[in-house]
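The values are calculated or read from the model by the stated rules, or taken from the named source; none is laboratory data. Predicted model only: the values in this text are computed from it and were never measured. Cβ placement follows ideal geometry from the backbone for every residue including glycine, while neighbour counts extend to all protein chains displayed.
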Amino acid sequence: MKVSGYSGIVGRPAGTLASAAVLAALTALCGCTVQPPDGTDGKGNSPVHIELPHSRTPGGTTGPTPGGASGRSPGAAPAPTPSAVETVPPHIVFTRGDTGTGVRGLQARLRQVAWLFDGPTGTYDDLTAEAVKGFQGKRGLPQTGETDAVTWQRLQRMTHTPGKWELYLMGGQPAAAPDPRCLTGRVLCISKTSRTLRWMVDGRTVSTMSVRFGSQYTPTREGVFHIYWKSLHHVSTLYHSPMPYAMFFSGGQAVHYSYDFAARGYAGGSHGCVNVRDEAAISALFAQVRNGDKVVVYW
């Protein structure tokens, strides 16, 4: 007896036999087990999964690799070898032409390890570049003359953080706020705290320059004074040293240009005078200041 919708084998649906036949054929062709649409293996068993090759994705995770185990689609160009990948140049911290306190810090550190003897000036000039190049060559680094991140880190490890007067050894520091006594008339307003001189007229700053004072045993006097004598090519009768552009304000103490200050900065000191290291600046100042102009020396 034949029942409609069933095969000649009683109890086995016709569709089941057909599915089994298809699965068998696919298995023979592919060499693997193919999961039928109903989620079983055609015999009512649990599904069998086909594993594809996996590859490392950019995020460090893995996932199926399209195109087989090689990870490349047919006809795709081969991946570049490590030697063919462009290298990223090191980060440049400071280079020629840069200015500011960061450059002063670099120059002060180069002075600490005896690679720079001028400055700090706050400007990355040729002398600074040559000092950096020498430092790099001594330590087997590329001698570029530019301060890259590797060079900067190595220099920092070998030195200490510069103090204020290491940064401004040769001047260039910002001026302190003027003393109230400087706000009227024509005044040489001289701050010992910031080591600066402001030339002021009726409360307006005309020019500013770095200055140096007397040593511990010959201190510069503080207070309010007046210019009583100007001497362009003065030579000290006591110390026999040149004092060009001298403007005397208290006994033998004067504001004047100092060759020693220009050469050594704050590494030295005066015998009580107010030294200026910028000759062009004090030359212009000497031409403007008159006898009787006020001088205020304060902390």
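Remark: T196 falls outside the filter, which requires a residue to be closer than 22 Å to G119 by Cβ, hydroxyl-bearing (S, T, Y), free of Cβ contacts under 8 Å to residues at least 60 places away in the same chain and touching a Phe, Trp or Tyr at 6+ places or on another chain (Cβ under 8 Å). Just a yes or no: is a residue in the range 127-134 within 30 Å of Y257 (Cα to Cα), touching a strand residue (DSSP E or B) at 6+ places or on another chain (Cβ under 7 Å) and of a type outside the set (D, E)? The answer is no; no qualifying residue exists. Going by the structure shown, is T161 assigned by TED's automatic domain parsing to the domain that holds S283 and of a type in the set (S, T, N, Q)? So T161 fails the test.
For the range 204-264, which strands (runs of 3 or more DSSP E) that fit wholly inside it have 2 or more residues that are modelled with pLDDT of 95 or more and under 29 Å from P120 (Cα atoms)?
204-212, 242-250, 253-257
Before we move on, is G163 out of contact with any Gly (no Cβ under 8 Å at 6 or more places or on another chain), more than 29 Å from A175 (Cβ to Cβ), exposed (fewer than 15 other Cβ atoms within 10 Å of the Cβ) and without any contact (Cβ under 8 Å) to a residue 12 or more places away in the chain? Considered against the rule, which asks whether it is out of contact with any Gly (no Cβ under 8 Å at 6 or more places or on another chain), more than 29 Å from A175 (Cβ to Cβ), exposed (fewer than 15 other Cβ atoms within 10 Å of the Cβ) and without any contact (Cβ under 8 Å) to a residue 12 or more places away in the chain, G163 comes out as no. Residue check: is V224 farther than 12 Å from V296 by Cβ, in contact (Cβ under 8 Å) with a residue 40 or more places away in the chain and assigned by TED's automatic domain parsing to the domain that holds M243? Here the answer is no, as V224 does not meet what is asked.
Of everything in the range 96-135 that is touching a helix residue (DSSP H, G or I) at 6+ places or on another chain (Cβ under 8 Å) and among the aliphatic types (A, V, I, L, M), the residue that is surrounded by the fewest Cβ atoms within 10 Å (Cβ to Cβ) is V113. Conditions first: (1) part of a loop (DSSP other than H, G, I, E, B); (2) within 22 Å of P90 (Cα to Cα). M170 passes all but one, so which condition is the exception? The single condition M170 does not satisfy is (2).
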